[in-house]
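Trainee: One structure coming up, written as structure tokens, with questions to follow.
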Amino acid sequence: MRKYIKYAAILALGLVACEPEFDESVEDDQVYSQGDASFENYVAVGNSLTAGYADNALYIQGQQNSFPNILAQQFKRVGGGDFTQPLMNDNLGGLLLNGSPISGNRLTLSLVNGMPAPTPIGGAPTTEITNTLSGSFNNMGVPGAKSYHLIAPGYGNAAGVAAGMANPYFARFRSSENVTVIEDAIAQNPTFFSLWIGNNDVLGYAAAGGAGVNQQGNLDPSTYGSTDITDVNVFASVYSQEVDALAASAGGGVLLNIPNVTSTPYFNTVPYNPLTPDLLGDQIPTLNATYGQLNQAFAFLGVPERAIQFSTTGASGVVIHDESIADLSVQLTQTLIGGGLDPQTATIYGAQYGQARQANANDFMVLTSSSVIGTVNMDRVAELMGAGVPEETAGQLSVNGVTYPMQDQYVLLPSEQEDVATATAAFNQIIEGMAAQKGLAFVDANSLLDRVATSGINYDGGTITSEFATGGAFSLDGIHLTPRGYAFMANQIINSINMTYNSTIPNVNIGDYSGGPAIGE
Amino acid sequence: MIMKKLLFFAVFLLAASVTYAGGYRISAQGQRALAMGHTGVAVVNSAELAFFNPAGLVYLENDLNISAGVTGVMSNVKWQNSNTGQFSETDNPIGTPFYFYASYRVTDFLSVGLSAYSPFGSVVEYPTDWAGSHLVNIIDLQAIYIQPLISIKISDYFSIGGGPIFATGGVNFNRNVNRTLTDEQGNRSNVEVDASNITNWGWSASWMFNPTENLRIGFNYRSEIILEAEDGEAVFSNVPDSALSPIQNGTVGFDASLPMPAEMSVGLSYEFCDKWLFAFDYNRAYWEAYKDLNIDFAPDDVPDSSNPRNYKNASTYRFGLQYEALDQLTLRAGYYLDESPVREGYFAPETPRNDSQGFTGGLSYQISKRFALDVSVTYLRFKEVDASYDYYMEDGTNVPFGGTYKSNAFLGGLGVTFNL
């Protein structure tokens, strides 16, 4: 009897130990191959897009959904190691420098006057940039970095942040005050790298409506402002230094090119003609009567195309300041005086409308203009009152986009679009050439985001588009991606790596990543 | 000679397969029956008949018969998706279905009985926020049937039996609200529904026919019982604190119903070579009753949860063998083939059951004249299966959740039989 019980016990033990096992287990790395590359130590270098920036801030949840972090999770199926990120201190995203806020919290969609609108989430930010993190970080994405910043000594020195000489994000995790981003990346002995840089070399300019300078021909980047376009030769030089340095350390890598800024909702959401009869109401006759005088003067001066008129039946373009057209302030003032207007008013009109015109379909209004159009510009009111204009009249002349032309930073004019497009194309040629020369994987982010904008990308739960807030690809700042957008990029990077290195890394399901606008109060 | 027979028995045992069952049905209603592949509709052996065929109670030798036991169910489910490299496995607590059966002979032709057992239940626990967490994180459902019984001998050849069933049950179900919604800190928005002490009534009826001394034929039918949860509690948590959220944090009421399907069993047993008994049972579970799992949240502005299940009726084929090895020792083994009620495209991770094979074995040891110890072990094997649930809806689009599943279960049961 005892014997039988013993056998039964042995049998029972054998069955307990019998966990279900797959024929080919994903978990035990029996399914995928790393091909010719090694993903043991992956280091990602770049700007905000690499850091996981979204909703106008860097915050923990965004970082966890950064494309490099998504990639690293998939790399784990082919021998990839741990992936560390310089996580922010909270999910608010604001930065402190010596206790004072230097950047705002992330945007969330919340109800403002009953309408959903992107607004900074409430709460006091806790990320103090002078609290430097210890250790090295696989994600070397530094929001705001331009191509030449990655090899700029002192870019992570907190002492230079206030003066704009250093980057607050890099100050948080650099290994020493004078080290460069590339040096810190290489010190980790990466086996694989990604480099997505150059976006800010054009985006800074475009996002500011072309208010900066196209520095083509200026070979000294230390003289560039944050909203300038980088010289192509400067870009070529620093980019090849960076790729050389990374490729010398890592056996494999992937380069991404620069999307057209015009693929993003930041430039496509606010229409050039948001001024409807509903919005302007009974002001239209008064406005048209006032502009009627100006239009006669424009016709007299041979520029009838600058005529400004508000339709009583359809949408009308906003009034913009176009720095690319001839400044007719003086002539306009004289003409108006000749037409019988008092000199003071004529001088103000002349100055205000000397380079004004109504926007048309070729002008891109930037996203930030939406909260400005139709509001009274208090600075302008003060300016006019200082010049002796009565308050009521000053107010009437200071309605942004209606009576006061939208300033340069709110409009990307066709000539500025041209500058951006030319520089983007030149940078992209350099990036693709570098990838070919080094045998690195290459991802055409430019055409991919173009596809998102034009045809959309299907996934298991629908289609992602570049529609602001609801499209699923772009976060509430209109430039940076949602987790779903980053997951889409991660898949494209994986596909390119698989093709270049004969690996079989699996894609992620982008439907598992949030594409909805962040909501909160 | 005995050794040779034991060897034969062991081979049968190894060749045989497991006893858990399709859907959320539990096949662990008696250690003696379970050891024989959960056959019993035509086996007159112990008070376990109260479950398998009340009509047979009247043929038991003793006046008072009691059988009671509990089974430990260890089930494991692994899931992986080779398109994405995702994988997960359940960490299920040990389930403990139990039974208590008693019968008493009132007169030669009439026995009465009482039974309490847990015929339905399921505990599936995935890691929170796993890839399928929008379908289920944890489900724990259980139903207990309590049944007064009557067994009437029409003749030595034929008897009938049955009685009303009082069913009581509860369910706890936790899943994430959808695939992507989180609160401001990135915690996945979650809903947990809980309903307990749901009750309803049903019945069972059976007959037994003994055409020869060695052959018995049995039939049993247990009715469908629908457990309707009214005014259960659903708790939403980790929802972003915003008027734009589709739902708000807090507790709301809900109504839902879950069917415990009807089951018909028919089978035979045959005694041979003095000490051997062979049994065969055929079960038909009427799972078509399980069309969908709809959770109707009480507030109108909380979207109801519709989860089509569309189960089909399913059969189970059971084979058992018993050998009285010694005076005090009876050995048993069995095998069964259990068809899954889940249709293609409806394979939800909350009841990840494809067709399975059960391999069972066990023994009874007569400790004293009145007491016997009953032991059973069961190994339930599911084939590796590529399957998906295609009816999860997101913004009006069906979003399939699929992958490869591999499951098994191990049951170890202990029971006692008392005769007077």
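Trainee: Leaving ligands, DNA and RNA out of it, report the carbon-plus-sulfur percent of the accessible area of the protein assembly as shown at a 1.4 Å probe. Write down the numbers at each step before the final one.
Mentor: Numbers: 19800 of 36980 Å².
Reported share for carbon and sulfur atoms: 54 percent.
Trainee: Let me make sure I get this right: for the stretch A:63-190, a, b and c are the square roots of the gyration tensor eigenvalues over alpha carbons, sorted descending. Under 1.5 in a/c it's rounded, otherwise prolate if a/b > b/c, else oblate. Which is it?
Mentor: oblate
Trainee: Would you list, by chain and number, the aspartates and glutamates whose Cα falls below 17 Å from the Cα of B:Lys369, excluding same-chain residues fewer than 8 positions away?
Mentor: Within the straight-line cut-off, B:Lys369 pairs with B:Glu61, B:Asp63, B:Glu324, B:Asp327.
Trainee: What number, rounded to the nearest 500 deg cm²/dmol, is the helix-based mean residue ellipticity at 222 nm of the protein assembly as shown, given -39500 (n - 2.57) per DSSP H run of at least four residues and division by all its residues?
Mentor: Rounded to the nearest 500, it is -6500 deg cm²/dmol.
Trainee: Where the centroid of each part is defined by its Cα atoms, how far is the stretch A:54-85 from the stretch B:274-339 in Å?
Mentor: Going from one Cα centre to the other spans 45 Å.
Trainee: Sticking with this structure for a sec: Residues of the stretch A:442-468 that become at least 30 Å² less accessible with every protein chain present than in their own chain isolated, using 1.4 Å: which are they?
Mentor: In the stretch A:442-468, residues shielded by partner chains: A:Asp460, A:Gly461.
Trainee: Treating only the Cβ of Lys, Arg, Asp and Glu as charged (+1, +1, -1, -1), what charge dipole size does chain B show about its Cα centre? Round to the nearest 20 debye.
Mentor: Numbers: 26 positive and 45 negative charges, 425 e Å.
Its charge dipole is roughly 2040 debye.
Trainee: Right, another one. Using protein chains only (no ligands, no nucleic acids) and a 1.4 Å probe, work out which residues of the stretch A:20-38 have their accessible area cut by at least 20 Å² relative to the chain alone.
Mentor: Those residues are A:Pro20, A:Glu21, A:Phe22, A:Asp23, A:Val26, A:Glu27, A:Tyr32.
Trainee: Now, a different point. Tell me which aspartates and glutamates have Cα within less than 18 Å of B:Lys312's Cα, excluding those fewer than 8 residues away on the same chain?
Mentor: B:Glu224, B:Glu263, B:Glu288, B:Asp292, B:Asp338, B:Glu339, B:Glu344, B:Glu350, B:Asp355, B:Asp390
Trainee: How much accessible surface does A:Thr313 have with a 1.4 Å probe, in Å² rounded to 10?
Mentor: Here the residue's solvent-accessible area equals roughly 130 Å².
Trainee: Classify the protein assembly as shown from the C-alpha gyration tensor, please: rounded if a/c falls under 1.5, else prolate or oblate depending on whether a/b exceeds b/c.
Mentor: prolate
Trainee: Considering only B:Val136, B:Asn238, B:Gly113, whose Cα is most displaced toward the positive end of the charge dipole of the stretch B:2-419, charges sitting on Cβ of Lys, Arg (+1) and Asp, Glu (-1)?
Mentor: Farthest towards the positive pole: B:Gly113.
Trainee: Angle check, please: helix A:414-438 long axis (alpha carbons) against the longest principal axis of chain A (alpha carbons), in degrees 0 to 90, nearest 10.
Mentor: Relative to chain A, helix A:414-438 is tipped by roughly 20 degrees.
Trainee: Express as a percent, rounded to the nearest 5, the fraction of DSSP beta bridges in chain A (both residues included) that run antiparallel.
Mentor: Counting only bridges with both partners in chain A, antiparallel ones make up about 50 percent.
Trainee: From the Cα gyration tensor of the stretch B:2-419, with a ≥ b ≥ c the square roots of its eigenvalues, which class applies: rounded if a/c is under 1.5, or else prolate if a/b is larger than b/c, or else oblate?
Mentor: Prolate, since a/c reaches 1.5 and a/b exceeds b/c.
Trainee: May I ask you to compute the full-extension gain from A:Leu111 to A:Asn288, defined as 0.36 nm times their residue separation minus their alpha-carbon distance, rounded to one decimal in nm?
Mentor: 60.3 nm
Trainee: Could you point to the residue in B:Thr90, B:Ala298, B:Ile146 farthest towards the positive end of chain B's charge dipole, with +1 and -1 charges on the Cβ of Lys/Arg and Asp/Glu respectively?
Mentor: B:Ile146
Trainee: Which distance in nm do the two modelled labels at B:Glu224 and B:Phe158 give, with both placed 7 Å along the Cα-to-Cβ direction?
Mentor: 3.0 nm
Trainee: Now a separate question. Chain pair B, A: how much accessible area is buried, both chains summed, with a 1.4 Å probe, in Å² to 100?
Mentor: The B and A chains share an interface burying roughly 3600 Å².
Trainee: Would you tally the net charge around B:Phe219, using a Cβ to Cβ cut-off of less than 15 Å, leaving B:Phe219 out, and scoring K and R as +1, D and E as -1?
Mentor: Once positives and negatives cancel, what remains is +2.
Trainee: Still on this structure: Which whole-number percentage describes the relative contact order of the stretch B:342-416, with Cα contacts under 8 Å and a sequence gap of 6 or more? Walk me through the numbers before you get to the answer.
Mentor: Values: 142 pairs, mean separation 24.9, N = 75.
For the stretch B:342-416, the relative contact order is 33 percent.
Trainee: Once you keep just the Cα pairs under 8 angstrom separated by 6 or more residues, what percentage relative contact order results for the stretch B:161-262?
Mentor: So the answer I get is 27 percent.
Trainee: A further question on this structure: Given +1 on the Cβ of Lys and Arg, -1 on the Cβ of Asp and Glu, and no further charges, what dipole in debye does the protein assembly as shown carry about its Cα centre, rounded to the nearest 20?
Mentor: In debye, rounded to 20, the protein assembly as shown gives about 3600.
Trainee: OK, next. With chain B treated as a Gaussian network of Cα nodes joined by springs under 10 Å, which of B:Gly186, B:Gly169, B:Gly37 yields the largest mean-square fluctuation?
Mentor: B:Gly186
Trainee: If R0 is 35 Å, what FRET efficiency do you get for A:Asn189 and B:Gln185 from their C-beta distance, rounded to 0.05? Present the calculation step by step, with values, prior to reporting the outcome.
Mentor: Values: r = 35 Å, r/R0 = 0.99.
Once rounded, the FRET efficiency stands at 0.50.
Trainee: Counting only heavy atoms of protein chains, what accessible area per residue, in Å², does the stretch B:2-419 have with a probe of 1.4 Å? All intermediate terms of the calculation are to be shown ahead of the outcome.
Mentor: Numbers: 16010 Å² over 418 residues.
Value for the stretch B:2-419: 38 Å² per residue.
Trainee: How many angstrom lie between the C-alpha centres of the stretch A:163-210 and the stretch B:354-420?
Mentor: 57 Å
Trainee: Right, another one. Using a 10 Å cut-off on Cβ to Cβ distances, tally the other chain neighbours for every residue of B:242-251 and report the average as a whole number. Intermediate results must be reported in sequence, preceding the final value.
Mentor: Numbers: counts 10, 6, 10, 2, 2, 0, 0, 0, 0, 0.
That average works out to 3.
Trainee: Keeping every protein chain present and rolling a 1.4 Å probe, give me the accessible area per residue for chain A in Å².
Mentor: 40 Å²
Trainee: My understanding is that a pair violates if its Cα-Cα distance is over 32 Å; which of B:Lys275/B:Lys406; A:Lys76/B:Lys291; A:Lys76/B:Lys406 do that in this structure? Present the calculation step by step, with values, prior to reporting the outcome.
Mentor: Values: B:Lys275/B:Lys406 39 Å; A:Lys76/B:Lys291 40 Å; A:Lys76/B:Lys406 22 Å.
Exceeds cut-off: B:Lys275/B:Lys406; A:Lys76/B:Lys291.
Trainee: Helix B:2-15 against the longest principal axis of chain B: what's the angle in degrees, Cα atoms only, rounded to the nearest 10?
Mentor: It works out to around 20 degrees.
The values are calculated or read from the model by the stated rules, or taken from the named source; none is laboratory data. Computed from a predicted model, the values in this text were never measured in an experiment. Heads up, the Cβs are rebuilt from the backbone with ideal geometry, glycines too, and the neighbour counts pull from every protein chain shown. These accessible areas exclude ligands, DNA and RNA; they are computed on the full protein's heavy atoms, side chains included. Shrake-Rupley method; radii C 1.70, N 1.55, O 1.52, S 1.80 Å.
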